[in-house]
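One structure is given below, represented as structure tokens, and several questions about it will come after.
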Amino acid sequence: MIESVDLVVAALAAGATAGVTDTASAAVKDAYQGLKSLTRRALRRGGADEDTADPDELRAALVAADVDADAELLAAARAVLELTGRAGTVHVHDNQGVQIGDHNTMTLHFGRE
């Protein structure tokens with residue numbers, strides 16, 4: 001459940017960020033508007049205020065709305081993340097010397113000190 005909620009919240013954030021730029025494509029703007037509409041519908045279904053701006057309240061409301069069962073909402077969230085270039089998911093646990101992102105520089109020295 002939490003992964004689905006995080007997916008929707010991340011897509012809303014990505015769409016909002018991309019949507020305020022003049023360079024956002026019509027596809028991004030349309031996908032984001034569709035996502036917002038589907039999110040509002042889910043929030044109404046869960047009995048929550050559809051205009052909540054607090055991220056914690058939004059997460060709680062999405063959990064209450066059972067977003068795991070809303071395939072259309074999850075597909076819309078994935079589409080927004082895809083269109084904004086934020087679709088990748090990286091899981092890193094118990095590792096050293098890991099970089100995530102673009103244009104990083106790393107120097108590693110292995111051996112005894």
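If you roll a 1.4 angstrom probe over the protein chains with everything in place, what fraction of the accessible area of the chain belongs to carbon and sulfur, to the nearest %?
49
Ok, one more. Where does the chain land at 222 nm, in deg cm²/dmol rounded to the nearest 500, when only DSSP H runs of n ≥ 4 count, each adding -39500 (n - 2.57), divided by all residues?
Helices in the chain give a 222 nm mean residue ellipticity of -17500 deg cm²/dmol.
For the chain, what is the accessible area per residue in Å², given a 1.4 Å probe and the full set of protein chains?
69
Can you list the DSSP H helices in the chain whose Cα atoms extend at least 15 Å along the helix axis and whose mean Kyte-Doolittle hydropathy is 0.5 or higher?
2-19, 71-83
Can you sort 57, 82 by 1.4 Å-probe accessible area, starting with the largest?
Largest accessible area first, the residues go 82, 57.
Calculate the length of the line joining the C-alpha centroid of segment 52-82 to that of segment 1-22, in whole Å.
After rounding, the separation between the Cα centres reads 9 Å.
The values are calculated or read from the model by the stated rules, or taken from the named source; none is laboratory data. Just so it is clear, the model here is predicted, and its values are computed rather than measured. Side chains are part of the model used for accessible areas, which takes the heavy atoms of the whole protein and leaves out ligands, DNA and RNA. Shrake-Rupley method; radii C 1.70, N 1.55, O 1.52, S 1.80 Å.
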